[in-house]
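Heads up: the structure comes next, in structure tokens.
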Amino acid sequence: MLQLLDERCRQNASGLPVNRKISDDWVGIGFRLGDISLIAKMDEVSEILPPPQTIRVPGVKHWVKGLANVRGSLMPVLDMNAYLFGEATPTKKENRVLIINLMGVAAGLLVEEVYGLRRFKPEDHLKEAGTEMSAVREYLNGIFVDQVRKWNVFSVEKLIKTDQFIRVV
């Protein structure tokens, strides 16, 4: 009887699970500059805030909005539209500041709008970058495409390694 039961169990048993490598999703923060939809890696953005009050600093580039007190830390707020395209970000209720703290550089990046978290499979990453975005192209790391739009991957690391960005005077 036990042998029959054992035989039936073996016939109806499903196989062991296949040892497949599970890849983590690529997670980023979606935002907009002008007509361009961008996404920054989640690891590169530590916080998203409404634009804080800033104090203007004399003698700096036109894209430096000023200094702001963010949770007790003095931090520069930089207008990304003005930096990349030469025109100040239009003031709207959708404006947000992406707080970055990477490789010793802490700053707030003023963007027109934040769309929130987006998840993609790493294998969906395309190395190509849009050709229509000459001002942004050097900061891009490919694209992701979902049902709604094409997301250009914006590299904060590339941005902070640029001399032009670091030298605000």
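The values are calculated or read from the model by the stated rules, or taken from the named source; none is laboratory data. Only a predicted model underlies this, so the values are computations on that prediction, with no experimental measurement involved. Methodologically, a virtual Cβ is constructed for each residue, glycine included, from the backbone with ideal geometry; neighbour enumeration extends over all protein chains shown.
Identify all residues within the stretch 69-84 that are surrounded by 17 or more Cβ atoms within 10 Å (Cβ to Cβ) and either part of a strand (DSSP E or B) or touching a strand residue (DSSP E or B) at 6+ places or on another chain (Cβ under 8 Å) (or both); write none if there are none. Answer for the stretch 69-84, where residues must be surrounded by 17 or more Cβ atoms within 10 Å (Cβ to Cβ) and either part of a strand (DSSP E or B) or touching a strand residue (DSSP E or B) at 6+ places or on another chain (Cβ under 8 Å) (or both): VAL70, MET75, PRO76, VAL77, LEU78, ASP79, MET80, ASN81, LEU84. Restricting attention to the stretch 36-56 and to residues that are farther than 18 Å from SER155 by Cβ and in contact with a Gly (Cβ under 6 Å, 6 or more places away or on another chain), the residue that is surrounded by the fewest Cβ atoms within 10 Å (Cβ to Cβ) turns out to be ARG56.
When we screen ALA88, ALA68, ALA40 for residues that are without any contact (Cβ under 8 Å) to a residue 40 or more places away in the chain, under 23 Å from LYS161 (Cα atoms) and among the hydrophobic types (A, V, I, L, M, F, W, C), the only hit is ALA88.
Within the stretch 158-169, the set of residues being touching a Phe, Trp or Tyr at 6+ places or on another chain (Cβ under 9 Å) and in contact (Cβ under 8 Å) with a residue 60 or more places away in the chain comprises PHE165, VAL168. Per the conditions (1) out of contact with any helix residue (DSSP H, G or I) (no Cβ under 8 Å at 6 or more places or on another chain); (2) not in a strand (DSSP E or B), the sole criterion not satisfied by ALA88 is (1). The set of residues in the stretch 97-128 that are part of a strand (DSSP E or B) and farther than 18 Å from LEU67 by Cβ comprises LEU102, VAL111, GLU113, VAL114, TYR115, GLY116, LEU117, ARG118, ARG119, PHE120, LEU126. Within the stretch 100-142, the set of residues being closer than 13 Å to PHE31 by Cα, β-branched (Val, Ile, Thr) and either touching a Leu at 6+ places or on another chain (Cβ under 7 Å) or modelled with pLDDT under 90 (or both) comprises just one member, VAL111. Of all residues in the stretch 32-68, how many are part of a strand (DSSP E or B) and under 22 Å from the mean Cα position of the chain (by Cα)? Within the stretch 32-68, residues that are part of a strand (DSSP E or B) and under 22 Å from the mean Cα position of the chain (by Cα) number 14. Of the set (1) touching a residue at least 40 places away in the same chain (Cβ under 8 Å); (2) of a type in the set (S, T, N, Q); (3) over 19 Å from ILE29 (Cβ atoms), all apply to ASN95 but (3).
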